[in-house]
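The values are calculated or read from the model by the stated rules, or taken from the named source; none is laboratory data. The shown structure was predicted, so the numbers you read here are calculated from the model rather than taken from an experiment. Positions of Cβ are generated from backbone atoms using ideal geometry, with glycine treated the same way; all protein chains shown enter the neighbour counts.
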Amino acid sequence: MSLFEARSVTKRFGGLTALHGVDFALERGIASIIGPNGAGKTTLFNIFTGLYAADDGSVTFRGQPLLGLRPDQITALGICRTFQNIRLFSNMTAIENVLVGMNSRIALGLWDVLSHSRSFRRTESDLAARAIGLLDRVGLQANANAVARNLPYGDRRRLELARALAAEPALLLLDEPTAGMTQGEAGTLMRLLRGLVADLGLAIILIEHNMRVVMEVSDRVTVLDHGEKIAEGSPREVQENVRVIEAYLGTRGAGPRGARRA
Amino acid sequence: MIQALLTVALVVVSALAVAKFPRSVLVFLLFQGSLVFVYRAQIPEWLRRSLLAVALLVLMPAIGYFNGYYLEIATQVGIFVALALGLNIVVGLAGLLDLGYVAFFAVGAYSWAIFGSPHANVIFGGGFPLAGWWFYVFLLVGLGTAAITGILLGLPVLRLHGDYLAIVTLGFGEVIRVLANNLDKPINFTNGPKGITPISRPPAPFGLPYGEYFYFLVLLIVVAVVIVNRRLEDSHIGRAWEAIREDELAARAMGVPLVRMKLMAFACGASFAGVMGVLFSAKQVFINPESFTFLESIGVLAMVILGGMGSIPGAVLGATVVTVLNLQVLKGFSLWLNELKNAGVTVLGYSLADLPTQFEPAKYERMVFGVILVLMMIFRPQGIFPARRRQRELAQPGG
């Protein structure tokens, strides 16, 4: 049984079929999902994390069906994500952002909070220490008390990663984590991801446009186009796949759809 | 050191001044101002705490001995501080705009008003009013009833945001008021617009006069409310509320259970209003639906905004400023003007006695209030004491 498995996932928005019978499976390591704009990559993430309801298909995580669960339940099971357009809690500090990510791991009730019980105090200091550790991991510990909206762009991306890690996921979904980063920053981030896979045994699904990153870091690559899976395999196999080249560069004589990013 | 001496001197002098001129509104304002100064001054923490404690526990009741109305003002301030702190949870922390907040105050007030007065005999036959000590039980009953009402309001509005939520809560506030107005038939629950009276008061301990008794009780509840508020804010619950306010979708994706957290915000906010409602009905002895109008909800919201959304000191100060302005400054100014008129004073050849009554400052309460709000929004939109992010001490990363 795979760690994570999606079968014939279909999603329609009105008359538009955003996803059409997409299969996807991941055992371990890093899998990338690539494809031209509008191929349905982020929609797939939104279904995996419970933000959208799929019209058809099934998604299982460690054998447990996910469709129909609320986003917070899915997070509690061990899947967490970042967003394509960074969605931090802008008016909260970096460490508070990370602490919110730990929400599903806190087993305290209202009474613990109001009475400042011993377990509450212990939990709070444990959480803070862990949050600092995570910020340290992504290289942000010096900015722990900075308000998120004041952080530079690259730091905000890394903070979002730390926040997602705070939920102690077994599977991490990253939506274009290197967007807007220089090649050097992207390289650092990828080394960090590789480290996470090696140290924590994390599985990662990556949506990525930066082909150099994809080819370097991925164990497997899945290519979506128009809501359908058109190719899957090792980075090398995908690179040489004719349909992929067509999807990115267009067939002879057709327009250069998606070529900009390829 | 100099500042510490100065602060102590200011509090003592202003308190003495109130005793010397018990009728001067400005002197009492000076005393209130000195408390704000104590809060802001750079003095040792123990000094700040003891000064505030002395001022609120000793000086204020003593001032009440010279002028009972000031104690009434202080009590009213306390009631509105608790209301503002409750609304601050819903609006300031969780970001759920609630325009019908006074409904929960009404629920608390009516829960004691009905059972603490002979009126309950109309519904249940004999045996009422309940004995005075039941009042303390009803503080909890009012808390619970208001919290449940908060959840009942929260359930249908879970999916609503911003403007839509505001309109629905506004409607809810009106529904409660209209219910209070009309539930005198077929079974007379609320006695309609005539209101309920007399509402029992608890026996005051140590033979305290009721003015002092309610002042201390309000103070006790306010302190409890502040502590509860601070503990909630500095916990995963408070962080989850703020996360919902900042980005609801991201909060859900990070594992915040949206439904539970929103309902908890409504229930917590409502419960403070419920407790104060019970106390309010006992203090006033008489309540009717007029005390729970839309304007009251707006007033409490204005206190929260004026003080600074999501900020506990802000809510306290906002409630104080608005209440003092309404009950003390504008009224005091009217009285003073009236005295001038009666004394036949003339200004630049114009006799003040000819001034039409329409110019009475007390009649401009809402306008002055509105002007202040507009000016605040232009020059200090974040409020008087905006919420400050808690700065954490950073230990060395250990794991």
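Couple of notes before you dig in:
- For the stretch A:207-226, a residue qualifies if it is closer than 21 Å to A:Lys11 by Cα and in contact with a Pro (Cβ under 7 Å, 6 or more places away or on another chain), and exactly one does: A:Asp225.
- Single residue of the stretch B:351-383 satisfying the filter (loosely packed, with under 12 Cβ neighbours inside 10 Å and of a type in the set (Ser, Thr, Tyr)) that is modelled with the lowest pLDDT: B:Thr357
- The residue that is nearest to the other protein chains (Cβ to nearest Cβ), counting only those in the stretch B:251-267 that are in a helix (DSSP H, G or I), without any contact (Cβ under 8 Å) to a residue 60 or more places away in the chain and crowded, with 24+ Cβ neighbours inside 10 Å, is B:Ala253.
- Residue list for the stretch B:149-162, filter: in a helix (DSSP H, G or I) and either touching a strand residue (DSSP E or B) at 6+ places or on another chain (Cβ under 6 Å) or surrounded by fewer than 14 Cβ atoms within 10 Å (Cβ to Cβ) (or both): B:Leu155, B:Pro156, B:Gly162
- Of all the numbered requirements in (1) touching a residue at least 40 places away in the same chain (Cβ under 8 Å); (2) surrounded by 14 or more Cβ atoms within 10 Å (Cβ to Cβ), B:Asp184 misses one, and that requirement is (1).
- Residue-level check: of (1) in a strand (DSSP E or B); (2) surrounded by fewer than 20 Cβ atoms within 10 Å (Cβ to Cβ); (3) not hydrophobic (A, V, I, L, M, F, W, C), A:Asn37 misses just (1).
- Matching option when the condition is over 18 Å from the mean Cα position of the chain (by Cα), away from chain B (no Cβ under 14 Å), surrounded by fewer than 24 Cβ atoms within 10 Å (Cβ to Cβ) and of a type outside the set (D, E, K, R), among A:Gly29, A:Gly63: A:Gly63
- Test result for B:Gly100, on the phi > 0 side of the Ramachandran plot and either surrounded by fewer than 24 Cβ atoms within 10 Å (Cβ to Cβ) or touching a Ser or Thr at 6+ places or on another chain (Cβ under 9 Å) (or both): no
- The set of residues from the stretch A:80-108 being within 22 Å of B:Gly310 (Cα to Cα) and of a type in the set (Gly, Ala, Ser) comprises A:Ser90, A:Ala94, A:Gly101.
- One residue from B:Arg177, B:Arg201, B:Arg230 being of a type outside the set (Asp, Glu) and within 14 Å of another protein chain (Cβ to nearest Cβ): B:Arg230
- From the list B:Ile123, B:Ile89, the one residue that fits, being surrounded by fewer than 16 Cβ atoms within 10 Å (Cβ to Cβ), in contact (Cβ under 8 Å) with a residue 40 or more places away in the chain and either within 30 Å of B:Leu306 (Cα to Cα) or touching a helix residue (DSSP H, G or I) at 6+ places or on another chain (Cβ under 8 Å) (or both), is B:Ile123.
- Taken over the stretch A:152-180, the residue count meeting the criterion of being of a type outside the set (S, T, N, Q) and more than 13 Å from chain B (Cβ to nearest Cβ) is 12.
- Residue pairs whose Cβ atoms lie under 7 Å apart, sitting 6 or more positions apart in sequence or on different chains, and linking a residue in the stretch B:212-236 that is closer than 18 Å to B:Phe138 by Cα to a partner that is among the small types (Gly, Ala, Ser) and outside any helix (DSSP H, G or I), are B:Tyr213/B:Ala204.
- Within the stretch B:39-66, residues that are buried (at least 17 other Cβ atoms within 10 Å of the Cβ) have Cβ atoms under 7 Å from residues that are acidic (Asp, Glu) in these pairs: B:Pro61/B:Glu212; B:Gly64/B:Glu212, counting only partners at least 6 apart in sequence or on another chain.
- Within the stretch A:130-143, tally of residues that are buried (at least 21 other Cβ atoms within 10 Å of the Cβ) and either at the interface with chain B (Cβ under 7 Å from one of its Cβ atoms) or over 14 Å from A:Leu161 (Cβ atoms) (or both): 1
- Test: B:Ile244 is on the phi < 0 side of the Ramachandran plot, in contact (Cβ under 8 Å) with a residue 12 or more places away in the chain and not in a helix (DSSP H, G or I): no
- Taking the conditions (1) assigned by TED's automatic domain parsing to the domain that holds B:Leu170; (2) in contact with a Leu (Cβ under 9 Å, 6 or more places away or on another chain) in turn, B:Ile123 satisfies each one other than (2).
- Residue in the stretch B:342-365 that is assigned to a helix (DSSP H, G or I) and under 30 Å from B:Asp184 (Cβ atoms) present: no
- In the stretch B:366-390, the residue that is farthest from B:Gly308 (Cα to Cα) out of those that are assigned to a loop (DSSP other than H, G, I, E, B) and in contact (Cβ under 8 Å) with a residue 60 or more places away in the chain is B:Arg390.
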